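What follows is a set of notes on a single structure, which appears directly below.
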Amino acid sequence: MLACRTCRVALSAAHGCVVCDSMRKQLVAVGDTDEERPSLAQVSAEVIAGIRSQVRHYRALLDADKTDSTSLNRLLALSNSAAKVLEAARKLQADGKDAVDSMSFAERATLFIEWYMDLPPPYRVKLRAQMDEHETALMAPVAVPALPRPNE
């Protein structure tokens with residue numbers, strides 16, 4: 001088990017000191033291939049951020065000169081790009097939902113267990129506590145109001 005040299009908190013913990021908190025985002029588990037295959041959320045966030053930056057730039061140019069057809073054409077192209085990115089994201093989301101919907105119970109359970117086991121230990125502890133709270137709330141007895149008694 002690796003721990004921070006300054007605070008002696010395990011690097012797998014959720015929080016530590018200033019030194020180890022700043023480097024936690026740089027740590028990866030052995031065997032991860034995130035560099036080869038970045039997450040869809042990360043890529044889409046970068047694409048959207050780039051499009052927003054360009055839109056701000058061309059909007060400022062267009063505000064300065066209302067007759068600038070180049071800036072107007074660039075804004076139209078960027079809006080088309082954003083529409084394509086969003087449509088692709090919707091399609092990927094729908095495909096993923098359809099894939100999960102078509103799974104059997106055993107396949108869904110396996111998917112959940114694999115996802116749960118891939119979580120870092122602090123997140124597993126937090127999720128397990130939330131699941132226990134939810135299950136406790138579900139198992140609580142239901143308060144039934146007393147029925148009025150007929151007059152005797």
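The values are calculated or read from the model by the stated rules, or taken from the named source; none is laboratory data. All values derive from a computational prediction rather than experimental measurement. Cβ: placed from backbone, ideal geometry, glycine included. Neighbour counts: every protein chain shown.
Check off (1) within 26 Å of the chain's Cα centre (by Cα); (2) modelled with pLDDT of 80 or more for L61 and give me the number that stays unchecked.
(1)
Do any helices (runs of 4 or more DSSP H) lying entirely in the range 68-152 carry at least 1 residues that are without any contact (Cβ under 8 Å) to a residue 60 or more places away in the chain, closer than 30 Å to A13 by Cβ and out of contact with any Gly (no Cβ under 7 Å at 6 or more places or on another chain), and which ones are they?
The qualifying helices (runs of 4 or more DSSP H) are 105-118, 121-139.
From the list E152, E114, which residue is at pLDDT below 80 and surrounded by fewer than 10 Cβ atoms within 10 Å (Cβ to Cβ)?
E152
Of the residues that sit in the range 22-54 and are part of a helix (DSSP H, G or I) and either modelled with pLDDT under 70 or farther than 24 Å from N80 by Cα (or both), which one is nearest to the chain's Cα centre (by Cα)?
Applying the filter and picking the extreme gives R24.
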